[in-house]
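> Following this message is one structure expressed as structure tokens.
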Amino acid sequence: MKVINNSHSKGILRIEKLDFENEKETICEVEKGGIMIMKPLLFHASNKTTNNERRRVIHIEFSKQELPDGLKWSEKTILLN
């Protein structure tokens, strides 16, 4: 997986606003069946498969914070201790 370093710390950005000439990209290798944990808002992408097999991704977000600027979680569960 490719990520743009520290892109999550710049707030909500649109891809057309990123200056890819000056952004540092890091390749994060994830083995088959592996897990990658990342911060919300981190710009990320994957290249096409090299073996023509299909990929599956489960994307789950956990947070105890409210979203800014009128954004809302599509699902929200309050966990009690």
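Every read-out reported here was derived from the displayed coordinates using simple, explicitly stated rules and does not represent laboratory data. Keep in mind that this is a model prediction, so the values were computed, not measured. A quick note on method: Cβ atoms are made from the backbone with ideal geometry, for glycine too, and the neighbour counts reach across all protein chains shown.
> Which condition does G11 not pass, out of (1) loosely packed, with under 10 Cβ neighbours inside 10 Å; (2) at negative phi; (3) of a type outside the set (A, V, I, L, M), if it passes all the others?
Result: G11 passes all but (2).
> Output the residues belonging to the range 1-53 that are in a loop (DSSP other than H, G, I, E, B), farther than 27 Å from E66 by Cβ and among the β-branched types (V, I, T).
Here is the first cut: in the range 1-53, the ones in a loop (DSSP other than H, G, I, E, B) are 1, 5-6, 11-14, 18-24, 28-43, 46-53.
Retained after the next criterion (residues that are farther than 27 Å from E66 by Cβ): 1, 19-24, 28-34, 46-53.
Those that are in a loop (DSSP other than H, G, I, E, B), farther than 27 Å from E66 by Cβ and among the β-branched types (V, I, T): V30, T49, T50.
> What is the one condition in (1) in contact with a strand residue (DSSP E or B) (Cβ under 8 Å, 6 or more places away or on another chain); (2) without any contact (Cβ under 8 Å) to a residue 24 or more places away in the chain that L42 does not satisfy?
(2)
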